[in-house]
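Bear in mind that the values in this text are calculations on the coordinates, not laboratory data. The structure displayed is predicted, hence computed values, not measured ones. All Cβ positions, glycine included, derive from the backbone under ideal geometry; neighbour counts span all protein chains shown.
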């Protein structure tokens with residue numbers, strides 16, 4: 001079942017960028033009849049939430065406010081509070097933030113809330129965890145449901161006490177009659193009336209706590225399950241085990257798109273304890289230890305015959321993307337399609353005093369979350385449960401159901417808090433692999449991809465070519481703007497600046513690698529190219545880069561972060577201090593995406609002798625409405641800055657002949673401690689504005705700030721991500 | 001083969017194939033899943049354990065090398081319910097996002113502070129550079145190590 005999005009969400013989520021591809025595996029499903037396979041039996045923890053969820057009128061839940069209070073909130077006979085969401089925790093802090101929202105509205109301490117996340121048989125469908133939607137879409141739903149539950153508690157107490165509802169309030173985890181000492185705990189109120197009331201629809205108009213009255217939201221709270229994590233007790237998807245669990249490995253093709261023509265599994269099957277299965281292009285092995293499973297794979301891999309196909313040359317990537325491009329293409333985001341034009345760009349270019357054109361290149365990069373794809377699968381009487389790390393559990397459920405040709409009701413997907421996502425875990429191939437092996441073995445099977453498998457068989461942030469043209473009038477005012485993106489995506493493609501004549505175009509292409517979502521996706525590429533090109537235009541006009549931007553920037557929120565970053569960084573002073581040094585330079589960049597605003601200033605130091613440069617400092621201002629958890633937001637912004645530096649300085653997937661050439665952390669360089677510059681973060685709080693997400697957009701302004709600083713330091717314009725070339729590279 | 005070593009303060013005998021990695025034996029045979037697989041090549045140090053006090057990638061350590069050694073994993077760092085100073089500092093500094101690198105980070109930091117109770121930032125960076133945090137939460141992790149160091153110094 002695909003998430004049901006409101007019209008507002010559709011417009012705010014232009015680029016979910018789901019992979020549009022066939023199933024990972026087309027199983028024949030072998031000799032044994034599916035219903036004859038007996039699993040080890042699923043032990044279901046009998047929780048109050050579960051019992052309640054099973055009674056829900058609409059199993060599967062709904063993403064909109066049409067749901068009942070019971071879809072979201074349960075209060076047990078012991079007063080224990082359980083809140084439910086379909087969202088997942090992948091490191092962005094959603095578990096804590098949603099718990100805070102619930103505690104706020106229920107007027108209870110944060111520690112009283114138990115949050116059940118992403119269990120397809122319990123949770124309401126909140127859509128996938130992407131597009132920075134948790135804060136603007138899910139948190140309000142949780143707040144409304146919890147506010148409705150609070151109202152129901154007050155109403156229940158008023159009824160029991162035979163007093164007016166207005167005389168009753170809920171505070172500090174109790175229900176009280178104002179002006180008296182009459183008090184009831186939640187547990188004392190959880191009777192028939194309350195249970196019936198939970199079946200009410202949550203009204204969209206229910207009153208939630210205003211920002212000025214927040215006691216929990218708006219304050220910095222550490223992770224609610226932090227002590228589980230620092231002690232190693234938290235069980236990530238790769239840590240899940242069931243009694244009798246086998247460990248599985250898969251035989252991978254030698255190159256992308258290769259199909260398995262033949263394999264002889266006899267040598268693997270002769271090893272005691274090994275289960276080996278070949279089904280179509282899938283060949284997998286399960287054993288009591290992964291060591292033994294690998295031995296079994298080694299024993300037969302030489303007998304495999306693969307049919308390989310030809311592949312575009314990775315060294316000619318950008319030529320390939322451009323040559324194979326076509327207008328728009330719905331696969332690549334809802335804003336793809338026809339060019340968007342304001343005024344007449346062609347006329348304005350003709351009449352411009354100065355015209356600049358430039359082409360920027362964006363490399364493929366990978367998310368490389370610390371936890372590789374992992375799943376544990378267990379069958380029981382024709383139904384399967386998978387514990388897996390994914391940002392899109394309902395999609396994984398669909399994929400598993402499709403692979404095994406069973407109804408989605410027979411697939412339960414549970415997502416334990418997961419070791420990183422960054423947009424990279426939207427698919428269910430490892431869940432299918434574990435389930436296929438578990439079906440064959442008749443036992444639970446755990447599969448965790450190796451790092452090399454993750455680098456090779458997961459997907460990538462799309463590479464791209466971005467062409468720009470700009471026209472200035474005699475006074476240095478920007479009159480014409482054109483930006484065309486080939487392949488990397490359409491988000492943040494339209495310029496944020498006030499230009500009377502502008503056109504943006506997106507052209508999809510024949511992508512040589514499997515590509516999909518990524519933190520902020522194409523906005524990083526489009527903002528990088530735009531902000532570097534703005535610098536080129538500013539230099540042509542002979543205007544300071546900050547002034548040039550401000551002259552063309554009417555968007556008050558974007559102006560505010562740009563000015564905040566420049567002020568904190570002491571932009572003008574540092575321009576003067578570094579200008580002409582030949583070694584040091586400062587640069588800036590800004591952008592908006594998903595309703596939030598980022599601006600960054602950077603200082604770079606370059607060695608003219610070696611061409612090696614390093615980033616000395618990044619100062620970033622960020623605004624996403626009313627801040628709900630300042631420390632967590634700061635951590636997200638800082639994480640984005642450093643992850644953004646990875647893509648800016650060193651990260652690049654290399655490939656040839658359908659193989660990845662740098663599928664390891666030693667050859668694909670992600671940021672380490674040594675690469676972290678001085679970081680200064682300014683959080684701009686806007687309690688007057690609705691809260692939106694902050695886990696993605698802070699990545700967009702980092703690369704252009706560094707690229708522009710490098711230009712200021714060395715006088716060389718590098719038009720690629722990563723910022724390498726013309727003899728320059730990061731130290 | 002049979003290997004006898006001390007695991008989190010207790011003697012342990014393991015019977016298994018000698019080439020298997022310590023990481024795999026911990027996670028698959030001994031139920032200690034706090035030690036994480038990150039790359040299998042010693043590049044990311046998510047699998048760090050302390051062997052005779054020295055931070056070591058358990059993914060590259062064959063089980064046969066452990067005879068007579070003392071192994072400490074994240075599960076053995078706290079003293080009962082009393083968290084180790086570095087664990088407390090990670091919580092206080094908010095030094096975790098997804099948290100998957102955290103067991104390895106904490107053990108690397110604990111070993112660093114044993115060697116050098118008052119490291120400056122360069123020494124922390126040098127001591128921890130092998131550990132990758134892909135959430136890139138390095139600022140808070142650095143702060144956590146500084147905080148643990150100050151606490152340790154203050155309690156001396």
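Peptides A:578-587, A:186-195, A:591-600 ranked from most to least packed give A:591-600, A:578-587, A:186-195, packing being the mean of other C-beta atoms within 10 angstrom over each peptide's residues. When a/c is below 1.5 the answer is rounded, else prolate if a/b is larger than b/c, else oblate, so apply that to the stretch A:202-342 with a ≥ b ≥ c taken from the square roots of the Cα gyration tensor eigenvalues. Oblate, because a/c is 1.5 or more while a/b does not exceed b/c.
Each Cα pair under 8 Å and six or more residues apart adds its sequence gap; the mean of these over the residue count of chain A is a relative contact order of 15 percent.
Equivalent ellipsoid semi-axes for the stretch A:563-628, as square roots of 5 times the alpha carbon gyration tensor eigenvalues: give them largest first, rounded to whole Å. Each step should come with its number before you reach the end.
Details: eigenvalues 156, 34, 13 Å².
Each semi-axis is the square root of five times an eigenvalue, giving 28, 13, 8 Å.
Across peptide A:668-675, the mean count of Cβ atoms from other chains lying within 10 Å of each residue's own Cβ comes to 6. The stretch A:374-528 has equivalent-ellipsoid semi-axes of 45, 14, 12 Å, by the square roots of 5 times the alpha carbon gyration tensor eigenvalues, sorted largest first. Applying 1/(1 + (r/R0)^6) with R0 = 51 Å to the Cβ-Cβ distance of residue A:269 and residue A:78 gives a FRET efficiency near 0.50. Multiplying the sequence separation of residue A:510 and residue A:666 by 0.36 nm and subtracting their Cα-Cα distance, what value in nm do you get? Extra length from residue A:510 to residue A:666 when fully extended: 53.2 nm.
Which order, highest average first, do B:18-31, A:447-460 follow once you tally other Cβ atoms within 10 Å for each residue and take the mean per peptide? All intermediate terms of the calculation are to be shown ahead of the outcome.
Details: B:18-31: 20.0, A:447-460: 22.2.
For the peptides B:18-31, A:447-460, the packing ranking is A:447-460, B:18-31.
Considering only DSSP beta bridges where both residues belong to chain A, give the percentage that are antiparallel (nearest 5). All intermediate terms of the calculation are to be shown ahead of the outcome.
On the way: 80 of 112 bridges.
Percent antiparallel among DSSP bridges in chain A is about 70.
Highest mobility in the GNM of chain B, judged by mean-square fluctuation with C-alpha springs under 10 Å and restricted to B:66, B:91, B:77, is found for B:91. The stretch B:1-75 and the stretch A:65-137 have Cα centres spaced 37 Å apart.
Considering only B:55, B:11, B:119, the Gaussian network model of chain B with Cα springs below 10 Å gives its largest mean-square fluctuation to B:11. The label point for residue A:688 and the one for residue A:193, both projected 7 Å from the Cα toward the Cβ, are 4.3 nm apart. Shielding of peptide A:90-100 by partners, expressed as the average count of other chain Cβ atoms within 10 Å per residue Cβ, is 2.
Judged by the mean number of other Cβ atoms found within 10 Å, the most tightly packed of the peptides A:114-126, A:72-84, A:689-701 leads the ranking A:689-701, A:114-126, A:72-84. Peptide B:10-20 has a mean shielding of 1, counted as Cβ atoms of other protein chains within 10 Å of each residue's Cβ.
Helix-only estimate, please: 222 nm mean residue ellipticity of the protein assembly as shown, summing -39500 (n - 2.57) across DSSP H runs of length 4 or more and dividing by its residues, to the nearest 500.
Values: 24 runs with 256 residues, N = 887.
About -8500 deg cm²/dmol.
In the stretch A:518-626, Cα pairs under 8 Å separated by at least six residues give a relative contact order of 23 percent. Each part gets one Cα centre, and for the stretch A:482-500 versus the stretch A:275-304 those centres are 48 Å apart.
Tell me the relative contact order for the stretch A:153-307 as a rounded percent, counting alpha carbon contacts under 8 Å between residues six or more apart. Please report the intermediate quantities before stating the final value.
Numbers: 169 pairs, mean separation 24.7, N = 155.
About 16 percent, as a whole number.
Classify the protein assembly as shown: rounded, prolate or oblate, from the alpha-carbon gyration tensor (a ≥ b ≥ c, eigenvalue square roots; a/c under 1.5 rounded; otherwise prolate if a/b is larger than b/c)? Working shown, then result.
On the way: a/c = 1.40, a/b = 1.14, b/c = 1.22.
Rounded is the answer for the protein assembly as shown, as its axis ratio a/c remains below 1.5.
If R0 equals 56 Å, the separation of the Cβ atoms of residue B:13 and residue B:121 corresponds to a calculated FRET efficiency of about 0.85.
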